[in-house]
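In what follows, a single structure is set out as structure tokens and then discussed.
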Amino acid sequence: ETALDAAFFVRWMTAVAAAVDREADHLTELDSAIGDADHGSNLKRGFTAVRTALEKEPPATPGAVLVTAGKTLVSTVGGASGPLFGTLLRRTGKTLGDAERVGLGELRDGLRAGVDAVGQLGSSAPGDKTMLDALDPAVTALADGFAAAAEAAGAGSRATVPLQARKGRASYLGERSIGHEDPGAASSALLFAALAEVAR
Ligand code: ADP
Ligand code: MG
Ligand code: MG
């Protein structure tokens, strides 16, 4: 039975920050095709601040780690992705409560609540060509473990290519949004790749 403590969640967020650093140019490139070319720099700024906040005062519980990370993203990222990713992490953290350790099932329930909150905030659903197209299948696949969730997120992101965007900046392009991977779906895949990496 997997029991994940606060240190595990700090390692997860640190691994996301590293992945975002590595992939920032690629994320910005994706956003230059169907957005305003700032997704990589937005997330780099946000997750650098998350890393700093967690180093300065490491929270005592898994829930508190994610709430701190989410709040930091909301306050440092101006773009749509700040409030959306911030809400994902904050709501997930709040759902985990003040438990010192959480199991895989609890994490999955927490992330499900977080993903639902993203859809509510964004008035969006899977199929709209957004981050939800990676997040939603990833949380479902988490029932089969971290590696399955990472794979599902990557597949969900790649499956945004033929879709027409119905939400966010990319939707302004109408049919011209077809043929490009959604940047927020790509960064959501990094989130789950980092989770699989630290769980290994
Ligand atoms: P901005 O569009 O403000 O420049 P970013 O470039 O950082 O913000 O993030 C864009 C990403 O945010 C999109 O690729 C998409 O995945 C996500 N996004 C935008 N609007 C929504 C929404 N309403 N619901 C879910 N995700 C959204
Ligand atoms: Mg953008
Ligand atoms: Mg922007």
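Bear in mind that the values in this text are calculations on the coordinates, not laboratory data. Owing to the predicted nature of the structure, the values given are computational and were not obtained by experimental measurement. Heads up, the Cβs are rebuilt from the backbone with ideal geometry, glycines too, and the neighbour counts pull from every protein chain shown.
Of the residues L173, L163, which is within 16 Å of ligand 2 (Cβ to nearest atom) and either over 18 Å from D38 (Cα atoms) or surrounded by fewer than 17 Cβ atoms within 10 Å (Cβ to Cβ) (or both)? Let's see the steps before the verdict.
Values: L163 fails: within 16 Å of ligand 2 (Cβ to nearest atom).
One residue alone meets the criteria, L173.
Of all residues in the stretch 94-135 being closer than 17 Å to A194 by Cα and in contact with a helix residue (DSSP H, G or I) (Cβ under 6 Å, 6 or more places away or on another chain), which is surrounded by the fewest Cβ atoms within 10 Å (Cβ to Cβ)? Write out each step before concluding.
Filtering the stretch 94-135 down to residues closer than 17 Å to A194 by Cα leaves 104, 107-108, 111, 131, 134-135.
Now drop any that are not in contact with a helix residue (DSSP H, G or I) (Cβ under 6 Å, 6 or more places away or on another chain), which leaves 108, 111, 131, 134-135.
Values: R108: 17, L111: 25, M131: 33, A134: 30, L135: 31.
My answer is R108.
Filtering D25, D36, D98 for residues that are over 16 Å from the mean Cα position of the chain (by Cα) and closer than 27 Å to A143 by Cβ leaves a single hit, D98. Picking from residues in the stretch 136-145 that are crowded, with 23+ Cβ neighbours inside 10 Å and over 21 Å from L30 (Cβ atoms), the one that is farthest from the chain's Cα centre (by Cα) is L142.
Checking each residue in the stretch 169-184 for being more than 28 Å from V16 (Cβ to Cβ), more than 16 Å from ligand 3 (Cβ to nearest atom) and not β-branched (V, I, T) picks out G174, E175, R176.
When the test is whether a residue is without any contact (Cβ under 8 Å) to a residue 24 or more places away in the chain and more than 20 Å from G103 (Cα to Cα), G79 does not pass it.
May I ask you to say which residue of D133, D128, D116 is of a type outside the set (F, W, Y) and in contact with an Asp or Glu (Cβ under 7 Å, 6 or more places away or on another chain)? Reasoning before the result, please.
On the way: D128 fails: in contact with an Asp or Glu (Cβ under 7 Å, 6 or more places away or on another chain); D116 fails: in contact with an Asp or Glu (Cβ under 7 Å, 6 or more places away or on another chain).
Among D133, D128, D116, only D133 is of a type outside the set (F, W, Y) and in contact with an Asp or Glu (Cβ under 7 Å, 6 or more places away or on another chain).
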